[in-house]
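Here the structure comes first, spelled out in structure tokens, and everything after it is commentary.
The values are calculated or read from the model by the stated rules, or taken from the named source; none is laboratory data. What you see is a predicted model, and the numbers here were worked out from it, not measured in a lab. Note that each Cβ is placed from the backbone with ideal geometry, even for glycine, and that neighbours are counted across all protein chains shown. Calculation scope for accessible area: heavy atoms of the full protein, side chains included, ligands and nucleic acids excluded. Shrake-Rupley method; radii C 1.70, N 1.55, O 1.52, S 1.80 Å.
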Protein chains: 2
Amino acid sequence: MAQERARTGSRERLVEATRELLWQHGYSGTTPAAIRARSDVGQGSMYHHFPTKVDLAAEALRVSSAEAERSIDAYLDEAPSPGAAVARYLSKPRDGEKGCRFGRLTLDDAVLEDERLRRPVSETLTWYRQRMEALLREGQASGELRPDFSAEAVGATVIAMLQGAHVLARADRSQASYERVIEGALTLLEGLESRR
Amino acid sequence: MAQERARTGSRERLVEATRELLWQHGYSGTTPAAIRARSDVGQGSMYHHFPTKVDLAAEALRVSSAEAERSIDAYLDEAPSPGAAVARYLSKPRDGEKGCRFGRLTLDDAVLEDERLRRPVSETLTWYRQRMEALLREGQASGELRPDFSAEAVGATVIAMLQGAHVLARADRSQASYERVIEGALTLLEGLESRR
DNA sequence: GTCTATAGTCCGATAGAC
DNA sequence: GTCTATCGGACTATAGAC
């Protein structure tokens, strides 16, 4: 992964700082100066490791994406059934105002105009979506969930509800706005359960 | 509303241009230079009418908000029942990649840090949310919808699904991603109907 | 690999004449 | 109300020594 042995870890600190700043301030809102301040790496070192801001951001997204997929798999494994796993994913404690690391970036033109940034965002969100889709399909196969809905469509909607919850929470600067959406999402999800 | 009679309509053209640019590029992505180019108004005129960028954006949001509330009321009046109105609102044809005029702005730190920008965004989204809540409550009262869910929570979720649909559509640069979320949303909504 | 100095560009705003 | 000229600052990146 690391192309050469870095002695001091400057490279790692740069990536870590960028990951956090992308989350907090988006891509356009993250300046090289802020990255240097947070990572305590000098101008020269930074541009030595990453020739451009895009290079650094792309690497940060790669790391975040890998980490997210790993941790979500572990989180979902705790659930007793596929349907419960979807509910568990929706209920996962999150800072509503901070938002999703990836969804956060989709409103930034600079990200959408550069494939090196847009692609990892799109692919990670697609991965989430397909993860939900697979769970819903499993639930349908086991009889836990009704067979008469599109797992593909509903899977996408589950992810969208989360993204939208962050939008509303940010607009209101309120965690309660986030939680309200989740409550409604769980209610809607119940309607997919097989009728006893 | 216009404090003095403008002879040439520069002021109106500035607001119109800003409305459109805010929609397309967000707040930070909208530069005074772009506004001048689109409205064909000079530097001097622009700063005569609006001392700062925030003043101009705040006025643009005020106009957009008023217009949105008016047009949605008219659109929803066409539906035969409250439940159908919610479905109709979700199904309304939209450019998924362009996004919501208001939700679009919530990911921009500059908007969240200035109350003159954040408040109209928050208030308009709240208005949407409460509009859905009221429809759901009506549906419950009339027996069209089940009585055993929180109209407040589900109303918020309906708006969130739309916001999230835009996020996914932008990530994928795909209208199909938008439509997929709407399909799932409509499916979930059916679960609220009273069981025959 | 890291440093300091500097470049070139755009941003949002101001000055002051007409 | 509108014009042109200009400003201070921030942003992203480059140059070149150590």
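Just name the residue that is nearest to the other protein chains (Cβ to nearest Cβ) out of those in region B:105-124 that are of a type in the set (A, V, I, L, M) and open to solvent by 10 Å² or more (accessible area, probe 1.4 Å). Don't jump to the end; show me each part of the working.
Kept after step one, since they are of a type in the set (A, V, I, L, M), are these residues of region B:105-124: B:105, B:107, B:110-112, B:117, B:121.
Still in the list and also open to solvent by 10 Å² or more (accessible area, probe 1.4 Å): B:107, B:110, B:112.
Numbers: B:L107: 4, B:A110: 8, B:L112: 6 Å.
So the residue we want is B:L107.
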(request) Could you list, in sequence order, all residues of region B:155-196 that are more than 8 Å from chain A (Cβ to nearest Cβ), of a type outside the set (K, R) and surrounded by fewer than 19 Cβ atoms within 10 Å (Cβ to Cβ)? (result) B:S174, B:Q175, B:A176, B:E179, B:L186, B:E193, B:S194
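Inside region B:40-49, can you point out the residues that are open to solvent by less than 60 Å² (accessible area, probe 1.4 Å) and near DNA strand C (Cβ under 8 Å from one of its atoms)?
B:G44, B:M46
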(message) Among the residues in region B:85-102, are any touching a Phe, Trp or Tyr at 6+ places or on another chain (Cβ under 8 Å), crowded, with 16+ Cβ neighbours inside 10 Å and farther than 26 Å from A:H166 by Cα?
(response) no
(message) Being in a helix (DSSP H, G or I) and farther than 23 Å from B:T30 by Cβ is true for just one of B:L117, B:L90, B:L105, B:L162. Which residue is that?
(response) B:L90
(request) May I ask you to list the residues in region A:37-60 that are part of a helix (DSSP H, G or I) and within 9 Å of DNA strand D (Cβ to nearest atom)? (result) A:Q43, A:G44, A:M46, A:Y47, A:H48, A:K53, A:V54, A:D55, A:L56
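On the given criteria, is A:A34 within 16 Å of DNA strand C (Cβ to nearest atom) and within 14 Å of another protein chain (Cβ to nearest Cβ)? Steps first, answer last, please.
Numbers: within 16 Å of DNA strand C (Cβ to nearest atom): yes; within 14 Å of another protein chain (Cβ to nearest Cβ): yes.
Here the answer is yes, as A:A34 does meet what is asked.
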(message) What are the pairs with Cβ atoms under 8 angstrom where one residue, in region B:64-77, is aromatic (F, W, Y) and the other, located anywhere, is surrounded by fewer than 15 Cβ atoms within 10 Å (Cβ to Cβ)? Sequence gap at least six, or different chains.
(response) B:Y75/B:K92
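Within region A:61-73, does at least one residue satisfy the condition of being within 16 Å of DNA strand D (Cβ to nearest atom), of a type outside the set (F, W, Y) and open to solvent by less than 40 Å² (accessible area, probe 1.4 Å)?
Among the residues of region A:61-73, at least one is within 16 Å of DNA strand D (Cβ to nearest atom), of a type outside the set (F, W, Y) and open to solvent by less than 40 Å² (accessible area, probe 1.4 Å), which makes the answer yes.
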(request) Quick one: count up the residues across region B:141-154 that are charged (D, E, K, R) and either assigned to a helix (DSSP H, G or I) or facing another protein chain (nearest Cβ under 7 Å) (or both). (result) 1
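Any chance region B:83-104 includes a residue that's farther than 25 Å from B:R131 by Cβ, within 14 Å of chain A (Cβ to nearest Cβ) and either in contact (Cβ under 8 Å) with a residue 12 or more places away in the chain or more than 16 Å from DNA strand D (Cβ to nearest atom) (or both)? Steps first, please.
Here is the first cut: in region B:83-104, the residues farther than 25 Å from B:R131 by Cβ are none.
No, every residue in region B:83-104 fails to be farther than 25 Å from B:R131 by Cβ, within 14 Å of chain A (Cβ to nearest Cβ) and either in contact (Cβ under 8 Å) with a residue 12 or more places away in the chain or more than 16 Å from DNA strand D (Cβ to nearest atom) (or both).
Out of B:S177, B:S142, B:S194, which single residue is among the polar types (S, T, N, Q), touching a Leu at 6+ places or on another chain (Cβ under 7 Å) and in contact (Cβ under 8 Å) with a residue 60 or more places away in the chain?
On the way: B:S142 fails: touching a Leu at 6+ places or on another chain (Cβ under 7 Å); B:S194 fails: in contact (Cβ under 8 Å) with a residue 60 or more places away in the chain.
Every option except B:S177 fails the conditions.
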(request) With the condition kept exactly as written, say whether any residue in region A:125-138 is at the interface with chain B (Cβ under 7 Å from one of its Cβ atoms) and surrounded by 21 or more Cβ atoms within 10 Å (Cβ to Cβ). (result) yes
(request) Go over the candidates A:L76, A:L22 one by one and state the one that is within 14 Å of chain B (Cβ to nearest Cβ) and more than 16 Å from DNA strand C (Cβ to nearest atom). (result) A:L22
